[in-house]
Amino acid sequence: MSWDAELFVALAFLLFVAAVIYFGLHNKINEMLDKRAAAIKAELDEAARLRAEAAALLQSFEQKKVAAQADAENIVAQARREAELIAKEAHERMAEFVERRKQQAEQKIAMAEQQATADVRAAAADAAVRAAAIVLRDQAKGDVGDQLLRDGISGLKQLAH
């Protein structure tokens with residue numbers, strides 16, 4: 001029996017191979033396998049192309065990131081320079097303001113000194129006039145007083161002309 005079974009299996013196999021060859025199924029199987037291989041190759045090529053595009057896009061983004069970081073550093077440096085310039089200008093304006101206030105205070109002090117000097121002179125002149133009036137009243141009587149009066153009037157006439 002085992003011979004018979006082996007014989008049937010061998011005959012069935014030969015019939016199958018003969019049918020495949022007669023109907024040309026081996027060519028159709030080869031064509032299908034070739035189409036499948038071509039489709040897989042196309043998918044692999046597409047995947048490689050997409051991978052290359054992704055790598056190029058990644059490289060582009062990395063370059064943009066580097067450029068953005070450089071721009072950010074430039075902006076920060078520029079802002080730092082501008083802040084230093086503003087601080088320097090503010091310091092200079094403050095120094096100028098202090099200097100102006102100092103000069104104004106010195107001018108006020110000088111004017112106060114001049115006013116005080118003028119007030120002292122006026123007070124001294126008033127005191128001298130009062131003292132002179134007292135002295136003249138007591139000592140300028142008679143001929144000496146008349147002579148002083150005439151000299152004063154003539155001095156006024158000379159000043160008026």
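The values are calculated or read from the model by the stated rules, or taken from the named source; none is laboratory data. Keep in mind it's a predicted model, so treat the numbers as computed, not measured. Ideal geometry is used to build each Cβ from the backbone, glycine not excepted, and the neighbour counts take in all protein chains shown.
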Taking the condition of a type outside the set (A, V, I, L, M) and at pLDDT 95 or above, does GLN78 pass?
-> yes
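The rows are residues; the columns are (1) among the aliphatic types (A, V, I, L, M); (2) under 51 Å from the mean Cα position of the chain (by Cα); (3) at pLDDT below 95; (4) surrounded by fewer than 10 Cβ atoms within 10 Å (Cβ to Cβ).
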residue	(1), (2), (3), (4)
HIS91	no, yes, yes, no
ILE109	yes, yes, yes, no
GLU113	no, yes, yes, no
THR117	no, no, yes, no
ALA122	yes, no, yes, no
ALA131	yes, no, yes, no
ILE134	yes, no, yes, no
